Amino acid sequence: MTHTQKRIIINNVVMVLSTLSALVGIGFLFWILGVLVMNGIDALSWNIFTQEGAPPGYEDSGLKHALIGQFMIVGVATLFGVPLGILAGTYLSEYGQKSKLAETIRDISDIMMSAPSIVIGAFVYAIVVAPMGHFSGWAGSVALTIIMLPIILRTTDDMLQLVPSTLREAAFALGAPKYKVILQVVYRGAKAGILTGILLGVARVAGETAPLLFTSFNDNFLNTDMMEPMASLTVTMYNYATSPYEDWQKLGWAAAFILSMFILSLNILGRLFIMKRKGK
Amino acid sequence: MGIIIDRVFANLTKIIAVAVLLLVAWIFTVLLQHSMNSIEYFGFDFITESKWAPNLEKFGALPAIYGSVLSTFLAMILAVPLAIGVAIFLSEIAPAKLKSPVGVSIELLAAIPSVIYGMWGLFYFVPIIRDAFGGIGISMLTAGIVLSIMILPFMAAVTRDAMNTTPDILKESAYALGGTKWDVIKDIVIPYAKAGIIGSFILALGRAIGETMAVTFVMGNVHKISTDLLQPATSIPVTLANEFTEADTDLYYSSLFELSLILLVISFTIISIAKFYFLRRTKVAS
């Protein structure tokens, strides 16, 4: 066997192996997706959206309480996280730039993005839940805000930096003060990018379960008072899936399906925004 | 007037940006404060003691630390070769028509919440392990496998990005010399993207060690150190998720906070190594 033949054989072996591993990896992932869709569609019904939680065995049970709770917890977190993140990102890109302070903030936010979310839950337990004496929707929102903040901050920073400096200079030349340049020129130029960042940030925190376990806790019935413990899709999913009751497990799959579809659509939407921007 | 608003706006953004730093410092301080009780009571024994018995007020973190390390290690052993395979497939082998749809679906799978991986693990993977190896199916091995599947899409996507940073001209030169695809991959792409690839593995490791929901379903939360992978076990996040709302004494609470602090320090260290040592030059992770 010549050297060339040997190389070709090794090449073919590696190609086959890596294609196989790609198939195995992708196969597993589609298995999970398939399971999710099959069980999810099977469990979906109108009751899911119109009924609250019920003891196991009751037919009229649904996820209305968890859907509304999830919407409120994530909504409030977005309300806080987005403006704070955008303003902090603005500082990095427009004022701090390459300064040591700005670089440190970038590094720390990068680390925070991958930090374990359950630890954020423990932190919020210590600063919100313990002093209040009970779990609350607010505590859940605070935890999600902390997780969302670095994501929005870094994408805003990146997106603002993509705005060409000639645009800023042109606005300065017209005599506009810096805040006006930022608000009316830079933000406008980076609109699609910032929006994508927000969508991805919301998608990320919407799937968080661990930091809600001991902040917003759970409630099997509808509650719209943020001062009280609140149901979320993720924690409800966890509790229902680990229960021994089949109808609860079914509701858990429905919650998993709704949540995943929501998160996937946000991700796809975000991609479309970015693509549209590149297409211009 | 404009100047005042200008100054207010500039300072507002700066205050919020600095607040992010302070927030991180605050997180560490609060966790440390709340751990003080247990740190003072157990000292260094907390990390080396293997007995965790809340009813006896005895708390040793060793089983949880051991479980975190072992499950992450298992997940890495399984996920690294698969991720490299998927990345090579996506960046070098797949025809152009497949590259983008497969690549995008892998990225989308990375966005699926980990609680769903955990749920799938509980309902579909636990029975398989139970049938194949006996036992109850809830075990260290199951946790390692579910964890590896959860980090696979993230790892594959970032590894692919790192491989894609190799300039085409380098690869073309190697092909022109008569290199096979594998020659090009092992002698050009991997050496060029080495730092990025290792960095993305370590980043995935940092995520895996702090992952809660993918493993909570299938690990069992049993505080026992066992070399038998088919035994139920626990890890730091699993202990926190299961016991935080049950803690009834100050020492119990404090021990759980110390566990959180240990976890935060471990993952902060791992992620920093990945970011600052390996990913600094390549900038692939963003």
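Take the conditions crowded, with 21+ Cβ neighbours inside 10 Å, of a type in the set (A, V, I, L, M, F, W, C), more than 16 Å from the chain's Cα centre (by Cα) and more than 11 Å from chain B (Cβ to nearest Cβ) and apply them to residue A:159. Does it pass?
yes
Give the range B:187-201 a look and list any residue that's surrounded by 20 or more Cβ atoms within 10 Å (Cβ to Cβ) and either modelled with pLDDT under 90 or of a type outside the set (A, V, I, L, M, F, W, C) (or both), or say none.
B:196, B:199, B:200
Residue by residue, here is whether (1) without any contact (Cβ under 8 Å) to a residue 40 or more places away in the chain; (2) more than 14 Å from chain A (Cβ to nearest Cβ) holds:
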site: B:18; (1), (2): yes, no
site: B:28; (1), (2): no, no
site: B:36; (1), (2): no, no
site: B:44; (1), (2): yes, yes
site: B:48; (1), (2): yes, yes
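Mind listing whichever residues of the range B:159-186 are within 19 Å of residue B:83 (Cα to Cα), open to solvent by 20 Å² or more (accessible area, probe 1.4 Å) and more than 11 Å from every other protein chain (Cβ to nearest Cβ)?
The answer is B:161, B:164, B:165.
Considering only residues that are touching a residue at least 24 places away in the same chain (Cβ under 8 Å) and within 14 Å of chain B (Cβ to nearest Cβ), which ones fall in the range A:26-82?
If the condition is that a residue be touching a residue at least 24 places away in the same chain (Cβ under 8 Å) and within 14 Å of chain B (Cβ to nearest Cβ), then A:36, A:37, A:39, A:40, A:42, A:43, A:66, A:70, A:74, A:80, A:81, A:82 are the ones that fit.
Of the residues B:3, B:47, which single one is within 24 Å of the chain's Cα centre (by Cα) and modelled with pLDDT under 95?
Residue meeting the stated conditions: B:47.
Is there a residue in the range B:134-154 that is within 30 Å of residue A:14 (Cα to Cα), more than 10 Å from chain A (Cβ to nearest Cβ) and in contact with a strand residue (DSSP E or B) (Cβ under 8 Å, 6 or more places away or on another chain)?
Scanning the range B:134-154, I find at least one residue that is within 30 Å of residue A:14 (Cα to Cα), more than 10 Å from chain A (Cβ to nearest Cβ) and in contact with a strand residue (DSSP E or B) (Cβ under 8 Å, 6 or more places away or on another chain), so the answer is yes.
Please specify each residue of the range A:117-141 satisfying the condition of being over 14 Å from the mean Cα position of the chain (by Cα), within 11 Å of chain B (Cβ to nearest Cβ) and either crowded, with 22+ Cβ neighbours inside 10 Å or among the acidic types (Asp, Glu) (or both).
A:118, A:119, A:120, A:121, A:122, A:123, A:124, A:125, A:129, A:135
For residue A:154, indicate whether it is open to solvent by 60 Å² or more (accessible area, probe 1.4 Å), assigned by TED's automatic domain parsing to the domain that holds residue A:87, within 25 Å of residue B:20 (Cβ to Cβ) and assigned to a helix (DSSP H, G or I).
no
Please give the number of the condition residue B:50 fails out of (1) in a helix (DSSP H, G or I); (2) farther than 30 Å from residue A:178 by Cα.
(1)
How about the range A:176-280: which helices (runs of 4 or more DSSP H) wholly inside it have at least 2 residues that are under 26 Å from residue B:13 (Cα atoms)?
A:191-206, A:246-279
Just to be sure I understand, how many residues within the range B:75-116 are within 7 Å of another protein chain (Cβ to nearest Cβ), surrounded by fewer than 22 Cβ atoms within 10 Å (Cβ to Cβ) and modelled with pLDDT of 90 or more?
Total satisfying the criteria: 2.
Within the bounds of the range B:117-129, is there any residue that is more than 20 Å from residue A:243 (Cα to Cα), open to solvent by less than 10 Å² (accessible area, probe 1.4 Å) and either free of Cβ contacts under 8 Å to residues at least 12 places away in the same chain or within 10 Å of chain A (Cβ to nearest Cβ) (or both)?
Among the residues of the range B:117-129, not one is more than 20 Å from residue A:243 (Cα to Cα), open to solvent by less than 10 Å² (accessible area, probe 1.4 Å) and either free of Cβ contacts under 8 Å to residues at least 12 places away in the same chain or within 10 Å of chain A (Cβ to nearest Cβ) (or both), which makes the answer no.
For the range A:208-245, how many residues meet the condition of being surrounded by fewer than 24 Cβ atoms within 10 Å (Cβ to Cβ) and touching a residue at least 24 places away in the same chain (Cβ under 8 Å)?
14
Report yes if residue B:137 is over 22 Å from residue A:261 (Cα atoms) and open to solvent by less than 40 Å² (accessible area, probe 1.4 Å), otherwise no.
yes
Just need a number here: residues in the range B:36-46 that are in contact with a Gly (Cβ under 9 Å, 6 or more places away or on another chain) and loosely packed, with under 14 Cβ neighbours inside 10 Å.
Number satisfying all stated conditions: 1.
So, in the range A:253-280, of the ones that are facing another protein chain (nearest Cβ under 7 Å) and surrounded by 17 or more Cβ atoms within 10 Å (Cβ to Cβ), which residue ends up farthest from residue A:156 (Cα to Cα)?
If we take residues in the range A:253-280 being facing another protein chain (nearest Cβ under 7 Å) and surrounded by 17 or more Cβ atoms within 10 Å (Cβ to Cβ), then A:256 is farthest from residue A:156 (Cα to Cα).
The values are calculated or read from the model by the stated rules, or taken from the named source; none is laboratory data. No experiment lies behind these values; they were computed from the predicted model shown. Cβ: placed from backbone, ideal geometry, glycine included. Neighbour counts: every protein chain shown. Please note that ligands, DNA and RNA were not included when accessible areas were found on the heavy atoms of the full protein model with its side chains. Shrake-Rupley method; radii C 1.70, N 1.55, O 1.52, S 1.80 Å.
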